[in-house]
Amino acid sequence: MLFKNISIIDENFECQNNMFLATKDNIIAYIGKEKPSEDFGREYDGTGKVIIPGLYNSHAHAPMSILRGYAENLPLSEWLNNRIFPFEAKMVGEDIYNGALLSFAEGLKFGTVSSTEMYYWGEYLGRAVEESGIKCNISLSVLCFDNSSLYDLPIYKENETIIPKLHKSSNGRLKVDLSLHAEYTSTPKVVSEMAQYAKQKALNMHIHLSETKAEVEGCKQRHNGQTPAEYFNSLGIFDVPTTAAHCVWLQKNDFDILKEKGVTAVNCPISNLKLASGFCNVKKLLDNGVNIALGTDSAASNNNLNLFEELKLFATLYKATNYDATAITPQQALRCATLNGAISQGRENCGKIKVGNCADIVVINTDSPNMQPIHNMLNNIVYSLSSDDILLTMVDGEVLYENGEYTKLDIEKIIFNANESTKKILKQL
Ligand SMILES: [Zn+2]
(Lines give C-alpha, C1' and ligand atoms only; values in the text may rest on other atoms or scores of the structure.)
Protein backbone atom coordinates (compact mmCIF):
# COMPACT_ATOMS: atom_id res chain seq x y z
CA MET A 1 0.00 0.00 0.00
CA LEU A 2 1.32 3.46 -0.87
CA PHE A 3 0.45 6.52 1.21
CA LYS A 4 0.95 9.63 -0.92
CA ASN A 5 1.55 13.27 0.02
CA ILE A 6 1.22 12.50 3.69
CA SER A 7 2.87 13.89 6.82
CA ILE A 8 4.85 11.40 8.92
CA ILE A 9 6.05 11.33 12.49
CA ASP A 10 9.45 9.87 11.69
CA GLU A 11 11.76 7.59 13.67
CA ASN A 12 13.09 10.58 15.64
CA PHE A 13 9.51 11.59 16.48
CA GLU A 14 9.72 14.63 14.27
CA CYS A 15 7.20 15.58 11.63
CA GLN A 16 8.05 15.40 7.92
CA ASN A 17 5.54 16.82 5.43
CA ASN A 18 4.64 15.79 1.86
CA MET A 19 6.08 12.31 2.10
CA PHE A 20 5.49 8.94 0.49
CA LEU A 21 5.35 5.82 2.65
CA ALA A 22 4.92 2.33 1.23
CA THR A 23 4.22 -0.93 2.98
CA LYS A 24 5.01 -4.33 1.57
CA ASP A 25 3.88 -7.52 3.28
CA ASN A 26 4.21 -6.72 6.99
CA ILE A 27 6.89 -4.03 6.83
CA ILE A 28 7.44 -0.39 5.96
CA ALA A 29 9.31 -0.75 2.69
CA TYR A 30 9.81 2.85 1.61
CA ILE A 31 9.77 6.36 3.05
CA GLY A 32 10.80 9.33 0.93
CA LYS A 33 10.02 12.66 -0.67
CA GLU A 34 9.72 11.11 -4.13
CA LYS A 35 7.08 8.72 -5.35
CA PRO A 36 8.72 5.26 -5.50
CA SER A 37 8.94 3.64 -8.91
CA GLU A 38 7.91 0.23 -7.55
CA ASP A 39 4.22 -0.66 -7.53
CA PHE A 40 3.04 -1.12 -3.93
CA GLY A 41 -0.63 -1.75 -4.75
CA ARG A 42 -3.38 0.41 -3.30
CA GLU A 43 -2.66 4.15 -3.34
CA TYR A 44 -3.97 6.27 -0.45
CA ASP A 45 -4.27 10.05 -0.72
CA GLY A 46 -2.62 11.43 2.39
CA THR A 47 -3.46 15.08 1.84
CA GLY A 48 -4.42 16.63 5.18
CA LYS A 49 -3.37 13.51 7.07
CA VAL A 50 -0.48 12.37 9.25
CA ILE A 51 0.97 8.91 9.91
CA ILE A 52 2.01 8.15 13.45
CA PRO A 53 3.31 4.89 14.95
CA GLY A 54 0.52 2.65 16.27
CA LEU A 55 -0.14 2.96 19.97
CA TYR A 56 0.83 0.38 22.60
CA ASN A 57 -1.53 -0.18 25.49
CA SER A 58 1.06 -1.42 27.96
CA HIS A 59 -1.22 -2.46 30.82
CA ALA A 60 -4.69 -3.82 30.26
CA HIS A 61 -7.16 -6.51 31.23
CA ALA A 62 -9.12 -6.86 27.99
CA PRO A 63 -11.79 -9.36 29.13
CA MET A 64 -12.95 -6.85 31.75
CA SER A 65 -14.76 -4.78 29.13
CA ILE A 66 -17.84 -6.84 30.03
CA LEU A 67 -17.65 -5.21 33.49
CA ARG A 68 -17.64 -1.69 32.06
CA GLY A 69 -19.78 0.56 34.24
CA TYR A 70 -20.66 -2.26 36.64
CA ALA A 71 -18.82 -0.95 39.72
CA GLU A 72 -18.48 2.78 40.11
CA ASN A 73 -17.60 5.39 42.71
CA LEU A 74 -16.17 2.95 45.23
CA PRO A 75 -12.87 2.79 47.13
CA LEU A 76 -10.41 0.34 45.58
CA SER A 77 -10.78 -2.44 48.17
CA GLU A 78 -14.59 -2.32 48.10
CA TRP A 79 -14.60 -2.02 44.31
CA LEU A 80 -12.34 -5.07 44.01
CA ASN A 81 -13.64 -7.33 46.76
CA ASN A 82 -17.38 -6.66 46.66
CA ARG A 83 -17.97 -6.03 42.97
CA ILE A 84 -15.14 -7.05 40.63
CA PHE A 85 -13.96 -10.35 42.18
CA PRO A 86 -17.49 -11.87 42.55
CA PHE A 87 -18.31 -10.99 38.91
CA GLU A 88 -14.98 -12.35 37.67
CA ALA A 89 -15.52 -15.60 39.57
CA LYS A 90 -18.46 -16.33 37.27
CA MET A 91 -16.56 -15.66 34.04
CA VAL A 92 -15.69 -18.66 31.87
CA GLY A 93 -13.68 -19.04 28.67
CA GLU A 94 -16.32 -17.72 26.27
CA ASP A 95 -16.79 -14.61 28.41
CA ILE A 96 -13.03 -14.00 28.34
CA TYR A 97 -13.03 -14.33 24.57
CA ASN A 98 -16.10 -12.08 24.14
CA GLY A 99 -14.75 -9.37 26.44
CA ALA A 100 -11.27 -9.47 24.93
CA LEU A 101 -12.55 -9.15 21.36
CA LEU A 102 -14.69 -6.17 22.37
CA SER A 103 -11.61 -4.52 23.89
CA PHE A 104 -9.37 -5.27 20.93
CA ALA A 105 -11.97 -3.83 18.56
CA GLU A 106 -12.26 -0.75 20.76
CA GLY A 107 -8.48 -0.39 20.81
CA LEU A 108 -8.25 -0.51 17.01
CA LYS A 109 -10.77 2.32 16.75
CA PHE A 110 -8.47 4.36 18.97
CA GLY A 111 -5.26 3.55 17.09
CA THR A 112 -3.97 0.80 19.39
CA VAL A 113 -1.95 -1.83 17.56
CA SER A 114 -0.72 -3.83 20.54
CA SER A 115 -1.53 -4.46 24.16
CA THR A 116 0.06 -6.03 27.19
CA GLU A 117 -2.58 -8.13 28.87
CA MET A 118 -2.86 -9.66 32.31
CA TYR A 119 -5.75 -12.04 32.94
CA TYR A 120 -6.79 -15.69 32.96
CA TRP A 121 -7.92 -18.30 30.43
CA GLY A 122 -4.97 -17.97 28.05
CA GLU A 123 -6.38 -20.09 25.24
CA TYR A 124 -9.43 -17.87 24.94
CA LEU A 125 -7.37 -14.69 25.14
CA GLY A 126 -5.10 -16.10 22.47
CA ARG A 127 -8.05 -16.88 20.23
CA ALA A 128 -9.26 -13.27 20.50
CA VAL A 129 -5.77 -11.97 19.65
CA GLU A 130 -5.50 -14.29 16.66
CA GLU A 131 -8.88 -13.23 15.26
CA SER A 132 -8.48 -9.52 15.92
CA GLY A 133 -5.21 -9.12 14.02
CA ILE A 134 -3.60 -7.03 16.78
CA LYS A 135 -0.29 -7.66 18.51
CA CYS A 136 -0.43 -8.71 22.11
CA ASN A 137 1.63 -9.99 25.03
CA ILE A 138 -0.72 -12.05 27.14
CA SER A 139 -0.03 -13.28 30.63
CA LEU A 140 -1.87 -15.31 33.22
CA SER A 141 -1.92 -13.62 36.56
CA VAL A 142 -0.79 -15.74 39.51
CA LEU A 143 -2.50 -15.19 42.85
CA CYS A 144 -1.56 -17.27 45.89
CA PHE A 145 -2.55 -16.73 49.50
CA ASP A 146 -1.46 -20.04 51.09
CA ASN A 147 1.70 -22.11 51.31
CA SER A 148 1.39 -23.64 47.83
CA SER A 149 4.32 -23.97 45.49
CA LEU A 150 4.03 -22.26 42.10
CA TYR A 151 4.34 -25.71 40.53
CA ASP A 152 1.15 -26.87 42.29
CA LEU A 153 -0.97 -23.99 41.02
CA PRO A 154 -3.39 -24.57 38.13
CA ILE A 155 -1.99 -21.46 36.39
CA TYR A 156 1.46 -23.05 36.25
CA LYS A 157 -0.03 -26.01 34.40
CA GLU A 158 -1.96 -23.69 32.12
CA ASN A 159 1.26 -21.79 31.35
CA GLU A 160 2.98 -25.07 30.52
CA THR A 161 0.19 -25.70 28.01
CA ILE A 162 -0.05 -22.29 26.40
CA ILE A 163 3.63 -21.33 26.22
CA PRO A 164 4.58 -23.95 23.60
CA LYS A 165 1.32 -23.42 21.77
CA LEU A 166 0.90 -19.63 21.77
CA HIS A 167 4.27 -17.95 22.43
CA LYS A 168 5.39 -16.23 19.21
CA SER A 169 2.32 -17.57 17.37
CA SER A 170 0.14 -15.71 14.84
CA ASN A 171 3.27 -14.75 12.89
CA GLY A 172 4.83 -13.45 16.09
CA ARG A 173 1.93 -11.13 16.87
CA LEU A 174 1.07 -13.10 20.00
CA LYS A 175 3.59 -13.54 22.78
CA VAL A 176 3.23 -15.07 26.20
CA ASP A 177 4.62 -13.34 29.29
CA LEU A 178 4.46 -14.55 32.87
CA SER A 179 2.63 -12.62 35.52
CA LEU A 180 2.32 -12.15 39.24
CA HIS A 181 -0.71 -10.09 40.08
CA ALA A 182 1.00 -8.12 42.88
CA GLU A 183 2.99 -8.35 46.09
CA TYR A 184 -0.13 -8.41 48.28
CA THR A 185 -1.69 -11.26 46.31
CA SER A 186 1.30 -13.62 46.38
CA THR A 187 3.79 -15.19 48.78
CA PRO A 188 7.61 -14.95 48.85
CA LYS A 189 7.78 -18.66 47.99
CA VAL A 190 5.71 -18.25 44.84
CA VAL A 191 7.51 -15.04 43.89
CA SER A 192 10.93 -16.74 44.13
CA GLU A 193 9.74 -19.75 42.16
CA MET A 194 8.22 -17.46 39.55
CA ALA A 195 11.54 -15.61 39.16
CA GLN A 196 13.31 -18.94 38.56
CA TYR A 197 10.63 -20.11 36.15
CA ALA A 198 10.74 -16.86 34.14
CA LYS A 199 14.54 -17.06 33.83
CA GLN A 200 14.38 -20.68 32.81
CA LYS A 201 11.74 -19.95 30.15
CA ALA A 202 13.34 -16.60 29.16
CA LEU A 203 9.95 -14.89 29.29
CA ASN A 204 8.94 -11.35 30.20
CA MET A 205 7.16 -10.55 33.46
CA HIS A 206 4.06 -8.43 34.03
CA ILE A 207 3.09 -7.22 37.52
CA HIS A 208 1.19 -4.53 39.39
CA LEU A 209 3.64 -2.42 41.43
CA SER A 210 3.05 0.16 44.16
CA GLU A 211 -0.40 1.10 42.94
CA THR A 212 -1.71 2.33 46.29
CA LYS A 213 -0.27 3.73 49.48
CA ALA A 214 -1.87 0.90 51.47
CA GLU A 215 -0.09 -1.67 49.28
CA VAL A 216 3.32 -0.11 49.98
CA GLU A 217 2.68 0.28 53.72
CA GLY A 218 1.43 -3.32 53.94
CA CYS A 219 4.45 -4.62 52.03
CA LYS A 220 6.84 -2.84 54.37
CA GLN A 221 5.12 -4.44 57.36
CA ARG A 222 5.15 -7.88 55.80
CA HIS A 223 8.70 -7.78 54.46
CA ASN A 224 11.05 -6.05 56.90
CA GLY A 225 10.52 -2.53 55.64
CA GLN A 226 11.02 -3.38 51.97
CA THR A 227 8.99 -1.54 49.33
CA PRO A 228 7.32 -3.71 46.67
CA ALA A 229 10.11 -2.82 44.22
CA GLU A 230 12.82 -3.78 46.74
CA TYR A 231 10.95 -6.96 47.61
CA PHE A 232 10.47 -8.12 44.01
CA ASN A 233 14.05 -7.18 43.18
CA SER A 234 15.45 -9.12 46.13
CA LEU A 235 13.58 -12.23 44.98
CA GLY A 236 14.85 -11.96 41.39
CA ILE A 237 11.67 -10.98 39.56
CA PHE A 238 13.39 -8.09 37.78
CA ASP A 239 16.10 -10.39 36.40
CA VAL A 240 13.83 -10.83 33.35
CA PRO A 241 12.40 -7.88 31.38
CA THR A 242 9.50 -6.68 33.50
CA THR A 243 6.49 -4.49 32.86
CA ALA A 244 5.34 -2.92 36.13
CA ALA A 245 1.94 -1.28 36.08
CA HIS A 246 1.18 1.91 38.01
CA CYS A 247 4.36 2.66 40.05
CA VAL A 248 2.40 5.41 41.83
CA TRP A 249 3.94 5.12 45.29
CA LEU A 250 7.61 4.60 44.43
CA GLN A 251 10.12 5.68 47.05
CA LYS A 252 13.73 6.80 46.88
CA ASN A 253 15.62 3.61 46.07
CA ASP A 254 12.81 2.28 43.85
CA PHE A 255 13.62 4.66 40.99
CA ASP A 256 17.23 3.38 40.90
CA ILE A 257 16.08 -0.24 40.97
CA LEU A 258 13.72 0.25 38.02
CA LYS A 259 16.41 2.01 36.02
CA GLU A 260 19.15 -0.48 36.89
CA LYS A 261 16.99 -3.51 36.10
CA GLY A 262 15.44 -2.04 32.94
CA VAL A 263 11.92 -2.35 34.31
CA THR A 264 9.22 -0.55 32.31
CA ALA A 265 6.96 1.61 34.49
CA VAL A 266 3.49 1.76 32.98
CA ASN A 267 1.56 4.88 33.80
CA CYS A 268 -2.24 4.54 33.86
CA PRO A 269 -3.33 8.07 34.81
CA ILE A 270 -7.10 7.68 34.38
CA SER A 271 -7.29 4.49 36.43
CA ASN A 272 -5.16 6.11 39.14
CA LEU A 273 -7.44 9.14 39.21
CA LYS A 274 -10.68 7.16 39.12
CA LEU A 275 -9.67 4.73 41.86
CA ALA A 276 -8.08 7.63 43.77
CA SER A 277 -4.77 5.77 43.92
CA GLY A 278 -2.61 8.89 43.65
CA PHE A 279 -0.14 10.57 41.29
CA CYS A 280 2.86 8.81 39.79
CA ASN A 281 6.12 10.76 39.94
CA VAL A 282 6.57 10.67 36.18
CA LYS A 283 9.09 13.50 36.14
CA LYS A 284 11.42 11.61 38.46
CA LEU A 285 11.01 8.44 36.37
CA LEU A 286 11.91 10.44 33.25
CA ASP A 287 14.83 12.14 34.99
CA ASN A 288 16.10 8.73 36.10
CA GLY A 289 15.88 7.36 32.56
CA VAL A 290 13.30 4.69 33.36
CA ASN A 291 11.40 3.33 30.34
CA ILE A 292 7.86 4.68 30.77
CA ALA A 293 4.91 3.36 28.79
CA LEU A 294 1.19 4.10 28.96
CA GLY A 295 -1.76 1.87 29.77
CA THR A 296 -5.50 2.15 30.14
CA ASP A 297 -5.82 -0.55 32.79
CA SER A 298 -9.24 -2.19 32.39
CA ALA A 299 -12.50 -0.76 31.08
CA ALA A 300 -13.84 -1.30 34.61
CA SER A 301 -11.54 1.39 35.99
CA ASN A 302 -11.20 3.83 33.13
CA ASN A 303 -13.89 3.38 31.48
CA ASN A 304 -12.71 3.27 27.89
CA LEU A 305 -9.60 2.06 26.12
CA ASN A 306 -8.83 5.30 24.32
CA LEU A 307 -5.09 5.59 24.80
CA PHE A 308 -5.12 9.10 23.32
CA GLU A 309 -6.92 10.20 26.49
CA GLU A 310 -4.10 8.73 28.57
CA LEU A 311 -1.61 10.43 26.27
CA LYS A 312 -3.12 13.87 26.77
CA LEU A 313 -3.47 13.36 30.50
CA PHE A 314 0.08 12.04 30.75
CA ALA A 315 1.39 15.16 29.02
CA THR A 316 -0.68 17.55 31.15
CA LEU A 317 -1.38 16.06 34.58
CA TYR A 318 2.23 15.63 35.60
CA LYS A 319 3.05 19.18 34.59
CA ALA A 320 0.55 20.25 37.25
CA THR A 321 1.71 17.80 39.92
CA ASN A 322 5.26 19.09 39.42
CA TYR A 323 4.25 22.76 39.04
CA ASP A 324 6.41 22.63 35.93
CA ALA A 325 4.96 23.25 32.44
CA THR A 326 8.15 21.85 30.90
CA ALA A 327 8.01 18.53 32.80
CA ILE A 328 6.96 16.45 29.77
CA THR A 329 7.08 17.31 26.08
CA PRO A 330 4.54 16.01 23.53
CA GLN A 331 7.43 14.22 21.83
CA GLN A 332 8.32 12.37 25.04
CA ALA A 333 4.67 11.56 25.64
CA LEU A 334 4.11 10.09 22.16
CA ARG A 335 7.28 8.04 22.52
CA CYS A 336 5.93 6.60 25.79
CA ALA A 337 2.65 5.65 24.08
CA THR A 338 4.37 3.93 21.15
CA LEU A 339 8.06 2.99 21.04
CA ASN A 340 8.46 2.48 24.80
CA GLY A 341 5.53 0.05 24.75
CA ALA A 342 7.18 -1.92 21.94
CA ILE A 343 10.41 -2.00 23.97
CA SER A 344 8.55 -3.28 27.03
CA GLN A 345 6.98 -6.05 24.96
CA GLY A 346 10.38 -7.07 23.61
CA ARG A 347 9.40 -6.26 20.03
CA GLU A 348 12.36 -5.12 17.99
CA ASN A 349 11.56 -3.31 14.75
CA CYS A 350 8.29 -2.01 16.14
CA GLY A 351 7.00 1.23 17.63
CA LYS A 352 8.37 3.79 15.18
CA ILE A 353 8.00 4.78 11.57
CA LYS A 354 11.16 3.52 9.96
CA VAL A 355 12.00 1.55 6.83
CA GLY A 356 12.31 -2.13 7.75
CA ASN A 357 10.10 -1.80 10.81
CA CYS A 358 6.75 -3.53 11.10
CA ALA A 359 3.99 -1.59 9.35
CA ASP A 360 2.03 -0.80 12.51
CA ILE A 361 0.68 2.62 11.70
CA VAL A 362 -2.19 4.96 12.38
CA VAL A 363 -3.47 7.65 10.02
CA ILE A 364 -4.89 10.81 11.55
CA ASN A 365 -6.99 13.46 9.87
CA THR A 366 -5.46 16.90 10.37
CA ASP A 367 -8.13 18.78 8.42
CA SER A 368 -10.67 18.74 11.25
CA PRO A 369 -11.34 22.07 13.03
CA ASN A 370 -9.72 20.95 16.29
CA MET A 371 -6.47 20.10 14.43
CA GLN A 372 -6.03 23.52 12.77
CA PRO A 373 -3.89 25.53 12.48
CA ILE A 374 -0.75 23.41 12.76
CA HIS A 375 2.13 25.24 14.37
CA ASN A 376 3.62 21.98 15.57
CA MET A 377 2.12 18.63 14.55
CA LEU A 378 3.16 16.83 17.76
CA ASN A 379 1.44 19.43 19.91
CA ASN A 380 -1.78 18.92 17.95
CA ILE A 381 -1.57 15.11 18.10
CA VAL A 382 -1.08 15.09 21.86
CA TYR A 383 -3.23 18.05 22.94
CA SER A 384 -5.84 18.67 20.22
CA LEU A 385 -6.77 15.34 18.68
CA SER A 386 -10.26 13.90 18.93
CA SER A 387 -10.92 10.21 18.39
CA ASP A 388 -12.97 11.14 15.28
CA ASP A 389 -9.66 12.10 13.68
CA ILE A 390 -8.37 8.50 13.74
CA LEU A 391 -8.97 7.31 10.19
CA LEU A 392 -7.03 4.09 9.82
CA THR A 393 -5.24 1.51 11.93
CA MET A 394 -2.84 -0.96 10.30
CA VAL A 395 -1.03 -3.85 11.98
CA ASP A 396 1.72 -5.78 10.21
CA GLY A 397 0.77 -4.13 6.92
CA GLU A 398 -2.88 -5.11 7.16
CA VAL A 399 -5.58 -2.45 7.47
CA LEU A 400 -7.77 -3.57 10.38
CA TYR A 401 -9.85 -0.43 10.83
CA GLU A 402 -10.66 2.34 8.38
CA ASN A 403 -13.21 5.15 8.42
CA GLY A 404 -15.30 3.59 11.17
CA GLU A 405 -15.32 0.10 9.62
CA TYR A 406 -13.55 -3.06 10.72
CA THR A 407 -12.04 -5.13 7.93
CA LYS A 408 -11.66 -8.42 9.86
CA LEU A 409 -14.07 -8.17 12.75
CA ASP A 410 -17.86 -8.44 12.82
CA ILE A 411 -18.37 -5.64 15.32
CA GLU A 412 -22.13 -6.11 15.70
CA LYS A 413 -21.64 -9.74 16.62
CA ILE A 414 -18.82 -8.84 19.04
CA ILE A 415 -20.98 -6.26 20.82
CA PHE A 416 -23.93 -8.67 20.97
CA ASN A 417 -21.83 -11.50 22.41
CA ALA A 418 -20.19 -9.26 25.02
CA ASN A 419 -23.61 -8.10 26.19
CA GLU A 420 -24.83 -11.70 26.34
CA SER A 421 -21.87 -12.59 28.59
CA THR A 422 -22.63 -9.69 30.91
CA LYS A 423 -26.34 -10.55 31.12
CA LYS A 424 -25.61 -14.21 31.79
CA ILE A 425 -23.24 -13.41 34.65
CA LEU A 426 -25.52 -10.81 36.23
CA LYS A 427 -28.24 -13.47 36.42
CA GLN A 428 -25.88 -15.70 38.42
CA LEU A 429 -24.95 -13.05 40.98
ZN1 LIG B 1 -4.26 -3.59 36.31
Quick check: Cα centre of the stretch 122-163 to Cα centre of the stretch 247-295, how many Å? 25 Å
Taking Cα centroids, how far is the stretch 327-394 from the stretch 8-87 in Å? 8 Å
For the stretch 55-344, what relative contact order do you get, as a whole percent, if you take Cα pairs closer than 8 Å and at least 6 residues apart? 20 percent
Taking every DSSP beta bridge that has both residues in the chain, what percent is antiparallel when rounded to the nearest 5? 40 percent
Pairs of alpha-carbon atoms within less than 8 angstrom and 6+ residues apart define the contacts here; what relative contact order does the stretch 222-375 have, in percent? 16 percent
For the chain, which longest stretch is free of loop sites, where a loop site is one of the chymotrypsin sites (Phe, Trp or Tyr not before Pro) that DSSP puts outside H, G, I, E and B and that has at most 10 other Cβ atoms within 10 Å? 146-322
So how exposed is GLU38, as accessible area in Å² (1.4 Å probe, rounded to 10)? 90 Å²
Which whole-number value in Å² is the accessible area per residue of the chain, probe 1.4 Å? 39 Å²
In the stretch 279-404, what is the count of Lys pairs whose alpha carbons are under 20 Å apart, counting only pairs at least 8 residues apart or on separate chains? 5
Spin-label zone in the stretch 372-401 - amide nitrogen under 17 Å from a point set 7 Å from the Cα of ASN171 along the C-beta vector: 393-401
Note on the stretch 280-396: alpha-carbon gyration tensor, axes a ≥ b ≥ c; rule is a/c under 1.5 for rounded, else prolate if a/b larger than b/c, else oblate; result rounded
Compute the Cα gyration tensor for the stretch 55-344, then decide on rounded, prolate or oblate, letting a ≥ b ≥ c be the square roots of its eigenvalues: rounded whenever a/c is under 1.5, prolate when a/b is larger than b/c in the other cases, and oblate in all that remain. rounded
Please state the charge dipole magnitude for the stretch 55-344, taken about the Cα centre, from unit charges on C-beta atoms (+1 on K and R, -1 on D and E), reported in debye and rounded to the nearest 20. 560 debye
Pairwise label distance in nanometres, GLU43 with GLU11, each label 7 Å out on the Cα-Cβ vector: 2.7 nm
Summed side-chain charge close to GLY93 - residues other than GLY93 whose Cβ falls under 11 Å, Lys, Arg +1, Asp, Glu -1: -2
Per the helix-only calculation at 222 nm, which mean residue ellipticity applies to the chain, given -39500 (n - 2.57) for every DSSP H run of n ≥ 4 and division by its residues, nearest 500 deg cm²/dmol? -10000 deg cm²/dmol
Potential lengthening between ASN253 and SER387 on full extension [0.36 nm per residue; Cα-Cα distance subtracted]: 44.3 nm
Charge dipole of the chain about the Cα centre (unit charges at C-beta), most positive-ward option of ASN272, SER149, VAL395: SER149
Pairs of Cα atoms under 8 Å, at least six residues apart: use those to get the relative contact order of the stretch 352-422, whole percent. 29 percent
Positive-pole candidate from GLY69, TYR406, THR47, dipole of the chain, charges at beta carbon: GLY69
Can you pull the percent of the stretch 55-344's accessible area that's carbon plus sulfur, 1.4 Å probe, other chains left in place? 51 percent
Placing +1 on the Cβ of each Lys and Arg and -1 on the Cβ of each Asp and Glu in the stretch 55-344, which of SER169, TYR231, GLY289 has its Cα farthest towards the positive end of the resulting dipole? GLY289
Under the 7 Å Cα-to-Cβ spin-label approximation, GLN221 and VAL92 lie apart by a distance in nanometres of 4.0 nm
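The values are calculated or read from the model by the stated rules, or taken from the named source; none is laboratory data. Because the structure is predicted, anything quoted here is derived from the model rather than measured. Note that each Cβ is placed from the backbone with ideal geometry, even for glycine, and that neighbours are counted across all protein chains shown. The protein model used for the area step is the full one, side chains on, heavy atoms only, and it has no ligands, DNA or RNA in it. Shrake-Rupley method; radii C 1.70, N 1.55, O 1.52, S 1.80 Å.
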